[in-house]
Structures are given as C-alpha cells and as structure tokens.
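Below you'll find the structure, written out as structure tokens, and then a few comments.
FYI, it's all coordinate maths here, none of it is from the lab. These figures come from a predicted structure and were not determined experimentally. A quick note on method: Cβ atoms are made from the backbone with ideal geometry, for glycine too, and the neighbour counts reach across all protein chains shown.
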Ligand SMILES: NC(=O)c1ccc[n+]([C@@H]2O[C@H](COP(=O)([O-])OP(=O)(O)OC[C@H]3O[C@@H](n4cnc5c(N)ncnc54)[C@H](O)[C@@H]3O)[C@@H](O)[C@H]2O)c1
C-alpha cells in the first residue's frame, strides 16, 4: 500500500533540508526522484545520493518563479523518466523583518517563490498528469505558519495561500484522479534554521508535547503516505506535522513522563550533513550564524541574547 516501486517523482527545493528528506523518503519507498533546485552545487550531490540508493535520479536546475523554466523542468523529468506520478512542491524562502517596515520587494519575492512558484509547478505537473490519464499525487509544502501567526505577514500569508490553493486544485483535479495535498511542518532543523540559537531550540522543545525539535526525517512517513495508494481517498488536506506544537498556547508548562524519542544530537544529523554538502562551517550544535543572520537577529532580539 505504501510501495512506490516504479513511480516517477520530482521534488522542488530538493537539494537540502526538507526537500532532500522528501527525496530520500520517496526513494526509500521505491520511487525514482528528480532533484529540482537552483543550488547547482549541492543539487547534483543529492541526486548522486539517491542513485547510491539504487534509484534513478537527476538534478534539474529550475527557478520555480519562472514559468518557462518550470515547464522545461517537467519536460526534462519526463524525458528522463518517461512519465510523472508524484510531484512535491517544496521550494520556499523566508525573509524575516518587521511588517511595518518590510520593503515591498521582499514581500514580492516571498510570494513569488512560496506561492506563485508552487502554483506554476502545480499547473505544469497537472498538465502532464492529465495528459498521461493515469492520475497522480501532488504534495505542496505549507507550514504551521498557515494556521498560526508565526513568522511575518509575507511568509504566513504565502503559506496560508498554499493551503487554500491546495484545496481549490484538489477540487478541480479530482476528476483526473489527481490528489493534491499539503504538509505543514513546524520548526525544522534545515539550513533555513542553521542560525537558530540553542536557547531557542530548547524553547521549542519546551512548547512541543513530543519534546524535540522537528527534523526532515520526521516528514518521511507523511510524504510517503501522501505519495502512495495509502492516501487515495485523501485530497485537499493540510497534514500538520508539528509534534503537537500548535495544539495549545501552553499556559500550563508541559512536563515529560518519558524522554523524547529524539535526542538533541539526533535532531541535527541531516542539518550537519547539509551544511557539509554546502561547504559551510558549523559548531558542535550544527549552528552557522552567518547562513541566515536575519533569522538569528530576530531570535537574539526576542531572547535578549
Ligand atoms: N525549516 C522550517 O522550519 C520550515 C517549517 C515549515 C515549512 N518550511 C517550508 O519547507 C520548505 C523547505 O524549507 P527548508 O527549511 O528545507 O529550507 P532550506 O532553505 O533549507 O532549503 C530550501 C531549498 O529550496 C531551494 N530554493 C530556494 N528558492 C528556490 C527557487 N526559486 N527555485 C527552486 N529552488 C529554490 C534552495 O536552494 C534550497 O535548496 C519551504 O517551503 C519552507 O517554507 C520550512
């Protein structure tokens, strides 16, 4: 039911982080996976890692904000694999900053990558799946920030847009046996979060019933579920994968009866792998304060660091 043998997949933003995790999960379940990204250094490394798992893989450069590149990317996937069964639209960015002073160009960029980019990908992928007349699975990456006010308005609005776009496309494309769903992670230790200080990680653990900071590995099961026959009657769904973080405002502090399933050292296994592949330094906690200094600055100000 969860077997993806023979399936042909693509993952955008697949070079590192959550996208690399999705690609490994789909390949583990049997799929061939194209790595789609703008990181021409790490993208081919990730494609080779998938090949080393015994699956076919190829790196395809594509800026998801450009409709012509997106169409060429889907054509390249089909040229390589012969068809497209599973498409994971995951490329995304965050540009943090106070909303009262955020520059319009930054708002535009976040919406262009996170929302317009995902829509352009959905369109081109669905056109291919419709032509194949064999259905398909489209999975978008939203965020808990679609449901709670978390980052800033551009990021949160782009992710809320993903959730509702997913519902609309699911309603439209069910007629073609195409399922469209999205996954909403909480805080994941990807390169996007490489600058997040340890005190903030501890705060996340303290506010999460399952007690540890999310990793790309925690999305392996959810993405395989949504890509496989196991989810054939699930469409238009936003699958929250947050360890319970958004369940409550936690006025009463959370306690623990058992140690969390994942230790702090295990939280950062893929983060360290990704930073190594990117050729970037990091400390023992997997922190690189220079990769996203603007995120570090927000946390430093909020936590008086
Ligand atoms: N890290 C988190 O805490 C978190 C939480 C919820 C949702 N998300 C979402 O998950 C997705 C992946 O995030 P991540 O944490 O792995 O980020 P990341 O920054 O670690 O990796 C993002 C990848 O997307 C690629 N990318 C960026 N712009 C692109 C473009 N225009 N075209 C193609 N590829 C592009 C980057 O090169 C990179 O490989 C994003 O949509 C993000 O918003 C992240």
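Taking other Cβ atoms within 10 Å as a rough exposure proxy, 83, 55, 20, 261 sort from fewest to most as 261, 83, 55, 20.
Tell me whether the stretch 1-158 comes out rounded, prolate or oblate; compute the Cα gyration tensor, take square roots of the eigenvalues as a ≥ b ≥ c, and use a/c under 1.5 as the rounded threshold. It is prolate, given that a/c is not under 1.5 and a/b is the larger ratio.
For the pair the stretch 199-227 and the stretch 158-197, the centres of their Cα atoms are 16 angstrom apart.
Counting only alpha carbon atoms, the long axis of helix 293-303 and the longest principal axis of the chain meet at about 40°. Over the chain, DSSP H runs of length four or greater, each weighted -39,500 (n - 2.57), average out per residue to a 222 nm ellipticity of -12500 deg cm²/dmol.
Seen against the Cα atoms of the chain and their longest principal axis, helix 42-52 is set at about 60 degrees. Between residue 56 and residue 198, the distance separating the two model label sites (each 7 Å from Cα on the Cα→Cβ line) works out to 4.7 nm.
Please give the contour-minus-distance gain from residue 41 to residue 206: 0.36 nm per residue of separation, less the Cα-Cα distance, rounded to one decimal in nm. Please report the intermediate quantities before stating the final value.
Details: separation 165, 0.36 × 165 = 59.40 nm, distance 3.64 nm.
Residue separation times 0.36 nm, minus the Cα-Cα distance, leaves 55.8 nm.
Counting beta carbons within 10 Å around each of 73, 165 and listing the fewest first gives the order 165, 73. Once the Cα atoms are used to define both axes, helix 67-81 deviates from the longest principal axis of the chain by about 70 degrees. Distance from the Cα centroid of the stretch 259-288 to that of the stretch 130-148 is 28 Å (rounded to whole angstrom).
If R0 is 41 Å, the Cβ-Cβ spacing of residue 229 and residue 109 corresponds to a FRET efficiency of close to 0.65.
Given a Förster radius of 41 Å and the C-beta distance between residue 1 and residue 290 as r, what FRET efficiency does 1/(1 + (r/R0)^6) yield to the nearest 0.05? Provide the component values of the computation, followed by the final result.
Details: r = 45 Å, r/R0 = 1.09.
That pair, residue 1 with residue 290, gives E of 0.40.
With the cut-off at 1.5 for a/c, could you classify the stretch 191-299 from its C-alpha gyration tensor as rounded, prolate or oblate? Oblate shape, in that a/c is at least 1.5 and b/c is the bigger or equal ratio.
For a Förster distance of 30 Å, can you work out the FRET efficiency between the beta-carbons of residue 250 and residue 101, rounded to the nearest 0.05? Can you show the working numbers first?
Working: r = 30 Å, r/R0 = 1.01.
So the FRET efficiency works out to roughly 0.50.
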